[in-house]
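K.L.:
Pasting a structure here, questions to come.
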Amino acid sequence: MWTIGITGGIGSGKTTVCKVFRVLGIPVFQADMVAAKLQNEDPYIKISLISLFGSDIYTKDGLLNRKKLAGIIFNDRNLLDKINNIIHPAVHQEFKKWKALYKDLPYLLYEAAIIFETGSFRNFDRTILVVTSENERIQRVMKRDHSTVEAVIQRMHNQFSDSEKMKMADFIIENNDNQLIIPQILKLDQILKSDNHVRKMDR
Ligand code: ATP
């Protein structure tokens, strides 16, 4: 059974694309959601983050103060790497447990906002990148999260550009307003089910 990493910049539509794969019967592991849960619940991770940032990185309800953390790590690659080194092994353990639940499927998806940036793309049999113009991504995220242009652009800073990621990805799904994702997903699903053909979608 292949594991396919699926990624894309903030607001590119990877979660939307994954919803379509789910309808096709393909299970999706949402790594960022699992990481967020672990940051709030896993004692080892909580202690590690408190030792790095102090106890007020958690609210009095024991939840990670994401806004505060984002402010601290903004543009600090070194701190971001430290956090990733704490959280990624725990997410990987969860993924192994989750994957063991599925048998006799041609492939599974692992959805994460960053896989090329961390080097974790090497763990996957193939990778899918969802691309959408920066302008559309900003408009969509502002609408979805009621956030400002500046806040969206700040979150984009920790991600590679689409042009860098397109050189690394095996398959690309284009999700601009004028493009239909369902035919692209059906075509890709066929490729991934067709006995592990090493083919790339037309770009
Ligand atoms: P994030 O990295 O922030 O989690 P994402 O890549 O998972 O984002 P989605 O949440 O799937 O992106 O999509 C961002 C927003 O854009 C959502 O509100 C979604 O409904 C909307 N959206 C996704 N695709 C399209 C599309 N083709 N046309 C219009 N809106 C879209």
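The values are calculated or read from the model by the stated rules, or taken from the named source; none is laboratory data. Here the structure is a predicted model, which means the values were calculated and not measured. Cβ sites come from the backbone with ideal geometry, for glycine too, and all protein chains shown count toward neighbours. Just the protein is used for accessible areas: all its heavy atoms, side chains included, with ligands, DNA and RNA removed. Shrake-Rupley method; radii C 1.70, N 1.55, O 1.52, S 1.80 Å.
K.L.:
Given Cα pairs under 8 Å that are at least 6 residues apart, what percent is the relative contact order of the chain? Show your work: numbers first, answer last.
P.N.:
On the way: 241 pairs, mean separation 73.3, N = 203.
With pairs under 8 Å counted, the relative contact order is 36 percent.
K.L.:
By per-residue mean of other Cβ atoms within 10 Å, what is the highest-first order of 10-17, 154-161?
P.N.:
Listed from highest to lowest mean packing, they are 10-17, 154-161.
K.L.:
In addition: Name the residue from 62, 128, 178 whose Cα lies farthest towards the positive end of the charge dipole of the chain, charges +1 on Cβ of Lys and Arg and -1 on Cβ of Asp and Glu.
P.N.:
Farthest towards the positive pole: 62.
K.L.:
Between the range 76-155 and the range 18-37, what's the alpha-carbon centroid distance in Å?
P.N.:
With the range 76-155 and the range 18-37 each reduced to a Cα centre, they are spaced 11 Å.
K.L.:
Return the carbon/sulfur percentage of the accessible area of the chain, one whole number, probe 1.4 Å, all protein chains in place.
P.N.:
With neighbouring chains kept in place, the figure for the chain is 54 percent.
K.L.:
Given the DSSP H assignment, sum -39500 (n - 2.57) over each helix run of at least 4 residues in the chain and divide by its residue total; what's the result at 222 nm in deg cm²/dmol, nearest 500?
P.N.:
Rounded to the nearest 500, it is -15500 deg cm²/dmol.
K.L.:
How many percent of DSSP beta bridges within the chain run antiparallel, rounded to 5?
P.N.:
5
K.L.:
Rounded to the nearest 0.05, what FRET efficiency do residue 24 and residue 168 give with R0 = 30 Å and r taken as the Cβ-Cβ distance? Could you check?
P.N.:
0.75
K.L.:
How many Å² of accessible area per residue for the chain, probe 1.4 Å?
P.N.:
Ligands and nucleic acids excluded, the figure is 55 Å² per residue.
K.L.:
So for the range 35-107, averaging the separation of alpha carbon pairs under 8 Å that are six or more residues apart and normalising by length, what relative contact order in percent results? Intermediate results must be reported in sequence, preceding the final value.
P.N.:
On the way: 34 pairs, mean separation 22.6, N = 73.
Answer for the range 35-107 is 31 percent.
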